[in-house]
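Asks: Before we start, here is the structure in question, set down as structure tokens.
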Amino acid sequence: MNTQPYDETRQTILIVDDVLSNVQILFDSLQEDYEVQFAISGEEALELIEEETPDLILLDVKMPGMSGHDVLAILRANEATSETPVIFVTADNSQTGELVGLYLGADDYVSKPFVLPLLKLRIRNLLERARLRRELKLQRDHLAHQVELRTAQLKEARDQAVRANAIKTEFLTNMSHEMRTPLNGILGMATLGLRRVNAAPQEKIARYFQVIAESGRQLLDLVTELLDVSKLERGILTFQQEAVVPATLVEVQLEELKPQIEAKKLKVECSLAQAPQTLVADSYRIGQVIGHLLNNAVKYSPEGETIRVALTACDLGTGRSIPGLRFVVKDRGCGIPESEMDAIFERFAQSSRTRTGAGGVGLGLAFSRDIVAHHQGQIRAYNNTDLGATFEVLLPLKPQAVAENQTGGTL
Amino acid sequence: MSLPRVLAVDDDPLNLMVLNELLQDFVCEVVLCPGGAEAMQCLDDPSADFDLLLLDIMMPQVSGFEVLRFVRNHACWCDLPVILQSALNSPAEIRQGLNAGANAYLTKPLDLDEFSQTLSPFLQRKEVIY
């Protein structure tokens, strides 16, 4: 009986009949097109099916022991075989027999003696329908998977939008604070001045004007900062390349911060002796970066503390030498939560430890990072082991493209 | 009889000057304070004597809300009148400030008349200025 070699691409039909001669007829006529197995009892059939589910079952009804009806009931109750096509092939040609068979869930009912070509067509059609059903199921599963994937993507996008919105709201609150603070100085002093212009001594009125002018400058600085960031984002911020003395940049920025430093009785330990003599960079922009980092340190250090500032030479190259400078500001503030180390350099972001009270619009560090990146440098932050945070800027003394051209090398 | 003493707290030095000037319309002695931590230090001094606290909210390190909580939980200062003055000006923020135990809430830029009205229950206005 076993003549065809096993071919796994062919579909499998299981014949279940207790009469071997019946099995023989079906086996011979089907094995040309299908992989055919057989069982001579219901019990044996179920064992075989459990090992591997056939694509179709030809099932006798009347068998000693388990009947075909019993077998079908078990198959339909089992998830793996609930949809496997089953054709009853039986000597019972009564209408009742057919009725019961189909009622129990058989896909078809053929009574003996059967017309072989007709049976073959029924088998073919059932297998085709089963194949389509399987394909449909696959597509449905695939679709479900796609939907799941897409839903996850949409959820991520929504989360991102929610985060962006929260950052925007925070930015607007901070922006409002940053504008209202100097406006309070301008409007407060201007209104007071108007009321007291005749009665107050001239020195007092002059002091009002000083506050108004200083507040106006603060507002202007804010507008300039916003405009710079906007220009940088649109890629139209231009950078100069000029020789500058790094130590002077630091000294100038410290001088500008003198009132705040004195107001908070801060000490500044400044080590500039080891600084490189010249740096090729945009002095205004690098000055802004240094000023911003110093300003943060002053703003976040408690009264009476010491801020450490250092400017040293260093080598930024790995392998070959790239002379650079290292600018370090060590504050005594509240430090930065480790989870926010990268985020603080993002636009509009502020550390959770400072955002509640500090004001500021959250652009300074992002802007500084971009300026430093334009100079092929690096900016990073880390927490001190005892207290506060350290910000570090690494800059090549010359932009690398220029240095390469001078030595005739290529990038 | 000694003058009523006012503690004015703001991290912005210019705004602190504005407060100082505004308070000259009132019979009082003004102590200026540049931050929340400093204000708490000031109030923790056993010899401290204040009759009114003018408090900014958005300040680095220690915010006005923290100072307010400190004051309300402080044995000596739980009844001290506190007027918040802040750039935060949304109704929700004002409600939050009053719920936190402030006696009044002023938004920046400060309105001179509103400032006078708000302070008048606590301080006596000067008859003649200068």
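Any read-out appearing in this document is the output of simple, stated calculations on the displayed coordinates, not a laboratory observation. What you are looking at is a predicted structure, and each value in this text was computed from that prediction instead of being measured. Please note: Cβ atoms are built from the backbone with ideal geometry, for glycine as well, and neighbour counts cover all protein chains shown.
Asks: At 0.36 nm per residue, minus the direct Cα-Cα distance, what do A:SER339 and A:VAL223 gain on full extension? Give it in nm, one decimal, please.
Replies: Taking 0.36 nm per residue and subtracting the Cα distance, the gain is 38.7 nm.
Asks: Now a separate question. Under a Cβ-only charge scheme (Lys and Arg +1, Asp and Glu -1), can you give me the dipole magnitude of chain A about the Cα centre, in debye to the nearest 20?
Replies: 3540
Asks: If you don't mind, there's one more thing I want to ask. Checking the a/c ratio against 1.5 first, then a/b against b/c, what shape does the Cα gyration tensor give for the protein assembly as shown? Intermediate results must be reported in sequence, preceding the final value.
Replies: On the way: a/c = 4.42, a/b = 2.43, b/c = 1.82.
Note, shape of the protein assembly as shown comes out prolate.
Asks: Using the basic label-point model (7 angstrom from Cα toward the beta carbon), what is the A:GLU255 to A:GLU233 distance in nanometres?
Replies: 3.4
Asks: Taking the Cα centre of segment A:70-140 as origin and charging only Cβ (+1 Lys, Arg; -1 Asp, Glu), how large is the dipole, in debye to the nearest 20?
Replies: 400
Asks: Of the peptides B:95-107, A:266-278, how do they stack up when ordered by the mean number of other Cβ atoms within 10 Å, highest first?
Replies: B:95-107, A:266-278
Asks: Of B:ALA8, B:LEU98, B:LEU19, whose Cα points farthest to the positive end of the dipole of chain B (charges on the beta-carbon: +1 Lys, Arg; -1 Asp, Glu; origin at the Cα centre)?
Replies: Final value for the positive-end residue is B:LEU98.
Asks: Please give the average number of partner chain Cβ atoms lying within 10 Å of the Cβ of each residue in B:59-70, rounded to a whole number. All intermediate terms of the calculation are to be shown ahead of the outcome.
Replies: Values: counts 5, 15, 12, 3, 3, 2, 2, 2, 0, 0, 0, 0.
Counting Cβ atoms of other protein chains within 10 Å of each residue's Cβ and averaging gives 4.
Asks: A further question on this structure: Of the listed peptides A:279-289, A:138-148, A:39-49, what is their order by residue-averaged count of other C-beta atoms within 10 Å, with the highest listed first?
Replies: The densest-packed peptide leads the list: A:279-289, A:39-49, A:138-148.
Asks: Of A:GLN146, A:PRO276, A:VAL244, which is farthest on the positive side of the dipole of the protein assembly as shown, counting Cα position, with +1 on Lys and Arg Cβ, -1 on Asp and Glu Cβ, and the Cα centre as origin?
Replies: A:VAL244
Asks: Of all beta bridges DSSP finds with both residues in the protein assembly as shown, what is the antiparallel percent, to the nearest 5?
Replies: Working: 25 of 62 bridges.
The antiparallel fraction comes to roughly 40 percent.
Asks: Under the classification rounded if a/c is under 1.5, otherwise prolate if a/b is larger than b/c and oblate if not, where does segment A:231-336 fall, given a ≥ b ≥ c as square roots of the Cα gyration tensor eigenvalues?
Replies: prolate
Asks: Continuing with this model, one more query. Quick one: putting +1 on the C-beta of Lys and Arg, -1 on the C-beta of Asp and Glu, what dipole do you get for chain B around its Cα centre, in Debye to the nearest 20?
Replies: 300
Asks: Using packing as a proxy for protection, rank B:43-54, A:199-210, A:321-332 so that the peptide with the highest average count of other Cβ atoms within 10 Å comes first. Can you show the working numbers first?
Replies: On the way: B:43-54: 15.2, A:199-210: 13.7, A:321-332: 19.9.
Result, highest mean first: A:321-332, B:43-54, A:199-210.
Asks: Moving to a separate point now. Kindly flag which residue pairs out of A:LYS168/A:LYS264; A:LYS258/A:LYS330; A:LYS299/A:LYS330; A:LYS62/A:LYS137; A:LYS258/A:LYS398 have an alpha-carbon separation exceeding 24 Å in this structure.
Replies: Going by Cα-Cα distance, A:LYS168/A:LYS264; A:LYS62/A:LYS137; A:LYS258/A:LYS398 fall outside the 24 Å limit.
Asks: Between A:ASP386 and B:GLN117, what FRET efficiency comes out of the Förster formula 1/(1 + (r/R0)^6) with R0 = 45 Å and r the beta carbon distance, rounded to 0.05?
Replies: 0.40
Asks: With each pseudo-label sitting 7 Å past Cα toward Cβ, what's the B:ASN99-A:SER321 distance in nm, one decimal?
Replies: Here the modelled spin labels are 6.4 nm apart.
Asks: Go ahead and run the numbers for FRET between A:GLU148 and A:ALA80, Cβ-Cβ distance against an R0 of 35 Å, rounding to 0.05.
Replies: Efficiency for this residue pair is about 0.90.
Asks: Give me the base-10 log of I(q)/I(0) for segment A:146-185 at each q in 0.20, 0.28 Å⁻¹, Debye formula, one uniform scatterer per Cα, rounded to two decimals.
Replies: So the normalised log intensities work out to -0.64, -0.83.
Asks: Identify, among A:GLN37, A:ALA80, A:MET63, the residue whose Cα sits farthest towards the positive end of the charge dipole of segment A:30-116, taking +1 on the Cβ of Lys and Arg and -1 on the Cβ of Asp and Glu, with the dipole about the Cα centre.
Replies: Result: A:MET63, furthest along the dipole toward the positive end.
Asks: What percent of all Cα-Cα pairs in segment A:86-214 falls in each 5 Å bin, counting up from 0?
Replies: 2, 8, 8, 8, 6, 5, 5, 4, 4, 4, 4, 4, 4, 4, 3, 3, 3, 3, 3, 3, 3, 4, 3, 2, 1, 0
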